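Undergrad: Handing you a structure now.
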Amino acid sequence: MARRFLVFSGHNDRAVVALCRFFDQAGLPFVIVAAGQGDAIHRTRWRDHVIFNRLDAVVTVSWLRELAGSQEGGLVYCPTTEFINHFLLAHRDALAGCGLEIGLPDQAIYAALTGKHSSQALMRALCPDLHLPATQPDGHWHAPCVLKPRANVAHGRVLYPILCRSSAELDQALTGLDRGAYFAQDFIVGQSHYLCAYLSREGQVASFWQLNLMQQPGGKSIVLARPTGNPGLDEARLFKGLHAQGYHGAFMLEVIESGGQLFYIEVNPRFWGPLQLALDVCPDILRLFAHDQGFDTPGLPALSPDRAAYAWAYGANQPGCVVHPAGQTLMPAELDHLLYTHDVYARDDTQALHACH
């Protein structure tokens with residue numbers, strides 16, 4: 001049996017759907033590990049690709065070795081979840097030779113990029129045209145601010161930034177918080193952009209920019225976005241510098257445009273939630289990923305950017321969503337039309353999830 005891609009479902013669901021669509025369109029073999037019988041993946045066209053239903057979120061070396069050993073031909077890991085990425089990198093030597101291929105870069109550069117604290121100096125060195133939000137002195141935090149974890153994974157769980165727009169929100173966030181695990185930066189108000197890319201082992205790059213229109217509260221998932229142009233970052237310098245540092249793989253950089261300047265927010269060195277927009281307007285991002293893993297695929301057709309949008313309708317219907325400046329120029333009826341027309345689940349392969357997942 002041929003090598004197959006391995007996708008973990010139940011985390012980062014929208015990225016999982018986009019990957020499954022890419023594998024279908026490119027004719028590439030893949031299997032899925034689902035998060036139990038209740039995983040939404042069982043309500044999609046790819047239910048027959050599920051080879052295992054997890055009973056819990058525990059990941060161990062012995063379980064991964066057993067999973068890989070049960071599949072002839074070998075499995076190629078798809079990086080969609082920070083927790084499992086972190087685990088695989090920490091146990092890479094112990095997993096060697098088991099039939100699970102881990103196409104992630106070295107642990108040191110991955111950790112430097114994904115860490116909210118460690119990435120600050122690295123990204124400033126790679127991108128002198130980026131500004132850093134001011135870091136507030138320990139013991140003197142004040143709103144509005146963002147509390148960012150120094151390490152993404154601690155004590156067996158993923159830690160996330162906490163947005164504190166008011167003193168009341170800051171006081172609530174600090175209740176029971178391990179302050180030593182976080183640092184505080186000034187809250188930057190402006191327009192959010194994503195640079196979405198794949199940097200290959202050979203130094204090839206496929207990339208596009210995404211303009212974020214709506215987002216869940218607390219800086220969570222993007223629920224509406226469109227392709228856009230480069231807001232002013234020296235991309236060539238960035239990717240040349242990343243490659244020189246030994247990085248290869250999926251790459252999503254968030255910047256906020258405020259007062260005519262670009263502020264660095266974070267990097268996700270893994271596939272991101274609105275990945276469907278990449279498949280629609282820059283499918284070479286996923287083609288390069290497959291090529292790095294030893295799979296050659298023909299180029300897939302791309303939509304014209306002026307016809308493309310990414311939406312997650314169900315997420316947009318949750319209370320407290322934030323409309324970014326670019327979204328505030330649209331009428332409510334326009335926003336609703338975009339959300340339901342371009343819902344990531346509004347396609348034949350996921351119709352059962354449209355506007356309800």
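The values are calculated or read from the model by the stated rules, or taken from the named source; none is laboratory data. Note that this is a predicted model, so its numbers are computed, not measured. Using ideal geometry, Cβ is built from the backbone for each residue, glycine included, and neighbour counts are taken over all protein chains shown. Heads up: the accessible areas ignore ligands, DNA and RNA and are worked out on the full protein's heavy atoms, side chains in. Shrake-Rupley method; radii C 1.70, N 1.55, O 1.52, S 1.80 Å.
Undergrad: For the stretch 234-285, which residues satisfy the criterion of being crowded, with 18+ Cβ neighbours inside 10 Å, at negative phi and among the small types (Gly, Ala, Ser)?
TA: Listed by number, the residues that qualify are ALA250, GLY273, ALA278.
Undergrad: Conditions first: (1) modelled with pLDDT of 95 or more; (2) touching a Leu at 6+ places or on another chain (Cβ under 7 Å); (3) not acidic (Asp, Glu); (4) not in a helix (DSSP H, G or I). PRO325 passes all but one, so which condition is the exception?
TA: (2)
Undergrad: A further question follows. If I filter the stretch 77-99 for residues that are within 17 Å of TYR198 (Cα to Cα) and over 17 Å from the mean Cα position of the chain (by Cα), do I get at least one hit?
TA: no
Undergrad: Then there is this: For GLN318, indicate whether it is touching a residue at least 60 places away in the same chain (Cβ under 8 Å), open to solvent by 10 Å² or more (accessible area, probe 1.4 Å) and farther than 30 Å from SER9 by Cβ.
TA: No: the conditions fail for GLN318.
Undergrad: Next question, about the same structure. Please go through the stretch 326-357 and pick out each residue that is in contact with a strand residue (DSSP E or B) (Cβ under 8 Å, 6 or more places away or on another chain) and open to solvent by 60 Å² or more (accessible area, probe 1.4 Å).
TA: If the condition is that a residue be in contact with a strand residue (DSSP E or B) (Cβ under 8 Å, 6 or more places away or on another chain) and open to solvent by 60 Å² or more (accessible area, probe 1.4 Å), then TYR340, THR341 are the ones that fit.
Undergrad: When the stretch 328-337 is examined, which residues are found to be part of a helix (DSSP H, G or I) and farther than 16 Å from SER258 by Cβ?
TA: Scanning the stretch 328-337 gives THR329, PRO332, ALA333, GLU334, LEU335, ASP336, HIS337.
Undergrad: Mind telling me which of the residues LEU288, LEU300 ends up being among the aliphatic types (A, V, I, L, M), over 27 Å from PRO217 (Cα atoms) and in contact with a strand residue (DSSP E or B) (Cβ under 6 Å, 6 or more places away or on another chain)?
TA: LEU288
Undergrad: Moving on to the next point. Kindly evaluate VAL323 against the criterion of being open to solvent by less than 20 Å² (accessible area, probe 1.4 Å), hydrophobic (A, V, I, L, M, F, W, C) and either within 17 Å of the chain's Cα centre (by Cα) or closer than 15 Å to SER192 by Cα (or both).
TA: So VAL323 does not fit the description; no.
Undergrad: Of all residues in the stretch 226-268, which are in contact with a helix residue (DSSP H, G or I) (Cβ under 6 Å, 6 or more places away or on another chain) and under 23 Å from PHE289 (Cβ atoms)?
TA: PRO227, LEU238, GLY241, GLN245, GLY246, TYR247, VAL267
Undergrad: For PHE87, state whether it is out of contact with any Pro (no Cβ under 7 Å at 6 or more places or on another chain) and closer than 17 Å to GLY249 by Cβ.
TA: Here the answer is yes, as PHE87 does meet what is asked.
Undergrad: Which one is nearest to GLY218 (Cα to Cα) among residues in the stretch 109-156 that are open to solvent by 50 Å² or more (accessible area, probe 1.4 Å) and among the hydroxyl-bearing types (Ser, Thr, Tyr)?
TA: Among those residues, the one meeting the criterion is THR135.
Undergrad: Name every residue in the stretch 12-35 that is closer than 17 Å to PHE295 by Cβ and charged (D, E, K, R), in order of residue number.
TA: Across the stretch 12-35, the qualifying residues are ARG21, ASP24.
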